[in-house]
Amino acid sequence: MSSPFSNPVSPYPDWVRREYRVSRPVTVTDIAAFLGSEELYTRDTPSGQVNIIHKYGLVELHCIIGEPRIEVWFNPENGAYPSEYLDALLATRFN
């Protein structure tokens, strides 16, 4: 099965990309919850519109509505903190 994120675009040089499979497809409500007071950016791709949510310089989430996967970018120089933050953020919607 090919990835819906087959053309990755790093938000910053040296950031690392991971794909996470979530328990159900992403919805508009999930994106709104992740967004909070951040600004939503979008990018059109062959797989659909990617919703881009940048969270406090720690992680950037790339979500496609209807996909059970989320692409995540983070700066590995920040140690374990981005991973812990991402785990907590995903747990609010997908546990």
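Take the Cα gyration tensor of the chain, multiply each eigenvalue by 5, square-root it, and list the three semi-axes largest first, rounded to whole angstrom. Intermediate values should be presented prior to the final figure.
Values: eigenvalues 68, 51, 35 Å².
They are 18, 16, 13 Å, listed from largest to smallest.
Just need the relative contact order of the chain here, percent rounded to a whole number, with Cα pairs under 8 Å and 6+ apart.
Normalised by residue count, the contact order of the chain is 32 percent.
Only sites in a loop by DSSP and with at most 15 other Cβ atoms within 10 Å count here; which GluC sites (Glu not before Pro) in the chain make the cut? Before the final figure, lay out each step's value.
Values: sites: E19, E38, E39, E60, E71, E77, E84; in loops: E38, E39.
When the GluC sites (Glu not before Pro) of the chain are filtered for loop state and at most 15 Cβ neighbours within 10 Å, E38, E39 remain.
What are the residues whose amide H is under 5 Å from the amide H of I64, where those residues sit 5 or more places off or on another chain and H is modelled from the backbone?
N51
Write out the chymotrypsin sites (Phe, Trp or Tyr not before Pro) in the stretch 12-95 meeting two conditions: DSSP loop, and at most 15 other Cβ atoms within 10 Å of their Cβ.
The qualifying sites are Y56.
Every number in this text was worked out from the coordinates using simple rules, so none of it is lab data. None of the values given here were measured: they were computed from a predicted structure. Cβ coordinates were reconstructed from backbone atoms using ideal geometry, including for glycine residues, and neighbour counts include every protein chain displayed.
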